[in-house]
Amino acid sequence: MKPVLRRLRAELFATPADAVLSTGLIAVLSLAAFGFLRWAFTQAQWAVIRVNSTLFAVGRYPVEEQWRLWLLLWLLFAATGLSWGVLRSHPRPDRSGVLWPRNDRIAATLLVVLGLWRPAAMGLSLSIQARWWGLVALLLLVRWLAGRFGPRFGPLGLRLVALMWPVLYLVGMVLISGGLGLVAVSPSEWGGLLLTLLASSFAILLCFPIGVLLALGRRSDLPLLRWGSVLYIEFIRGAPLITLLFLGQNILGFLLPGGLAPDRIWRAAWVLTFFAAAYLAEAVRSGLAAVPRGQLEAARSLGLSYPKALQHVVLPQALRVALPAMVGQFISLLQDTTLLSLIGLLELLGTARTVMANPAFLGKNAEVYLTLAVLFWCCCAALGLGSRALERRLDPHAVPSAT
Amino acid sequence: MSQPSSEVMIEARAVEKWYPNGFQALRGASLTVRRGEVVVIMGPSGSGKSTFIRTFNALEDFQKGSITVDGIVLSDDLRNIDAVRREVGMVFQQFNLFPHLSVLDNLTLAPVLVRKRPKAEVEKQAWALLERVGIAEQAGKYPGQLSGGQQQRVAIARALCMEPRILLFDEPTSALDPEMVREVLEVMQNLADDDITMVVVTHEVKFARHVAHRVVLMADGEVVEEAEPEVFFTNPSHERTRRFLNQIL
């Protein structure tokens, strides 16, 4: 018998009870898979997604300004390729620096396949299909160049990459909202995946520093700071996000004079930020508690000031411990953005609801919801994979990988 | 063995310390340490010896008495505390290396951040120090990949990289497996020959006998006996010291 068969037999059919259970499970799973595939390929009518793909992607963003989003996409793909290549060409001092490890080769292949197949399957026009091919080609080209020539720039390369992302974020904000000579596009015209990603990235980026400060405040020796932090964290964690969102829409309007109150979308984004910060603070606090007292003492005895000791010794260790919990928070934050549809904003779910309300696409709920689920899953998987890679890179106990 | 000069490096007078729960850890402990001197502090556990040396670089505060380190009076003034910590290095029982930094970065972190010295210059010095404690070949590794003895030697090198005038050792070999104690003691002995001022809390009798200029016994938060090693181990003047020696020898 071949080894594969032998292993299958050992794992699935070791005893009669195992055999029955395995057969039953396999039967149920194949039935479900068969039913799903038959629906997806023969009954489902994907026209609802194909026709509305732009709506799902960017909402009612004016057509004549959409080149700005494409430009941003080009920049993002180039930046991704650059970071990927530079990180690979700067391994940690105790690691072997293989430029194209197996996982990277798999990822590259996957990118090519998706980039070639997906736009065609969506039935996009040839010019748009070509843009996606170009984007993937650009990413891989920059990845290759950065991996090949990255070592020449030394540690400067890593620092530039770290600096590039915040700059790119600001550039992206200008491209999306206008200003600096570009026509302004008001936030009420943003929508779909664009709005979802914008709101969640804004909240993730800002809730991080606020959460760290709250966690430090909660452990502070100053009573006012400590009790202030505790009160804030416990109040926010005790209230459902949806009430806070409604509260934010109403209260901010009353509190601030007309012109100063931010747009509805920004109000919601700020509420998301402050909400996530309270949860993040607890994740960071658990990380801080995991760093032994001796670390701070050693840093202080070497003459480091308290802020410097925090910055260089305590926080790097605490945040690494807290990383999985923090990313869990980010993932649920991303999913919480769907609540924005309940206060009338057209993010992914809101857009989906308007599409399904259109008489032309009546009864196509399954197709729409499935697409939404896949989109969210992709975003969350990207966050999760990124965090695991970061965790491994930062883990001083990880065995240096040979491949 | 080099002879200490008459210049006073640490002057602790009648130091008293209470913990917030009311426990009094130090009850008027006094000690004078001269430049280049190696002083070993012994004593039963709970006698306040660790607490005492931790007051010398302000890791512990105290409520009564006075401490002067290298001419700097320890007070609540934060600038004084930072100045003292730059002059005083410390080696801990649990090593307390920074696990997220490579061995080399453990050494260079403080000199670059605190003394603002150029990184390349500090790295050169760090390599020399690692050479001196015998682990230059581990410079790129992380602390978790080293044995306990190696980690403690890195910790000593890390303290030395700040070029302190005084080194405090808080039971540096107590957390080590027996076969690793010697490699650490040898490094410490080499340092003693280089006339750096050292205050060492330890239970290593052989080290105290052969390396120390003076041995001090602490009990119940006080300094009970101070004598040269020969006298301390063979003919102590206090009953408390005799009892302690009977227990450990």
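Within the shell of other residues whose beta carbon sits under 15 angstrom from the beta carbon of A:F208, the net charge comes to +1, with Lys and Arg scored +1 and Asp and Glu -1. Pairs of Cα atoms in the range A:62-185 fall into 10 Å distance bins, from 0 up to the last occupied one, in shares of 12, 34, 32, 17, 4, 0 percent. Axis angle, to the nearest 10 degrees, between helix B:178-193 and the longest C-alpha principal axis of chain B: 90 degrees. Per-residue ellipticity at 222 nm from helix content only, as computed over chain A with -39500 (n - 2.57) for each DSSP H run of at least four residues, stands at -24500 deg cm²/dmol.
Taking the helices alone, chain B has a mean residue ellipticity at 222 nm of -11500 deg cm²/dmol, built from -39,500 (n - 2.57) per DSSP H run of at least 4 residues and averaged over all its residues. Between 0 and 90 degrees, the angle of helix B:239-248 with respect to the longest Cα principal axis of chain B falls at about 50 degrees.
For the range A:295-362, the relative contact order is 15 percent, taking Cα pairs closer than 8 Å that sit 6 or more residues apart in sequence and dividing their mean separation by the residue count.
Roughly how many Å is it from the Cα centre of the range B:186-249 to that of the range A:192-243, as a whole number? Between the Cα centres of the range B:186-249 and the range A:192-243 lies a distance of 54 Å.
Under the criterion of Cα pairs below 8 Å and six or more residues apart, the relative contact order for chain A equals 20 percent.
Taking every C-alpha pair closer than 8 Å and separated by at least 6 residues, the mean separation divided by the residue count of chain B gives a relative contact order of 27 percent.
Excluding same-chain neighbours fewer than eight residues apart, the lysines reachable from B:K124 by a Cα-Cα span under 16 Å are B:K116.
Only aspartates and glutamates eight or more places from B:K64 in sequence, or on another chain, were considered; those with a Cα closer than 19 Å are B:E11, B:E16, B:D76, B:D77, B:D220, B:E222. Kirkwood analysis of the protein assembly as shown, using all unique Cα-Cα pairs, places the hydrodynamic radius at 30.0 Å. Looking at the range A:189-394, the pairs of alpha carbons with a distance over 20 Å make up 64% of the total. Note on the range A:1-58 and the range A:287-314: Cα centroid distance 51 Å, given to the nearest whole angstrom. Under a 5 Å amide H cut-off, with hydrogens placed 1.01 Å from N, A:R60 pairs with A:G191 among residues at least 5 apart or on other chains. Taking the centroid of alpha carbons for each part, the range A:333-347 and the range B:27-79 are 60 Å apart. This model, with +1 at the C-beta of Lys and Arg and -1 at the C-beta of Asp and Glu, gives the protein assembly as shown a dipole about its Cα centre of some 2340 debye.
Rounded to whole numbers, the Karplus 3J(HN,Hα) couplings from phi for the range A:293-307 are 4, x, 5, 5, 4, 4, 5, 5, 5, 7, x, 5, 6, 4, x Hz, using 6.51 cos²θ - 1.76 cosθ + 1.60 with θ = phi - 60°, and x at Gly and Pro. Amide H to amide H distances under 5 Å link B:V200 with B:V39, B:V40, B:I41, B:F169, where only residues 5 or more positions off or on other chains count and H is placed in the peptide plane.
Taken together, the values in this text are just the output of simple stated rules run on the coordinates, not laboratory data. What you see is a predicted model; the values in this text were computed from it and never measured. In this analysis, Cβ positions are derived from the backbone assuming ideal geometry, glycine residues included, and neighbour counts consider all displayed protein chains.
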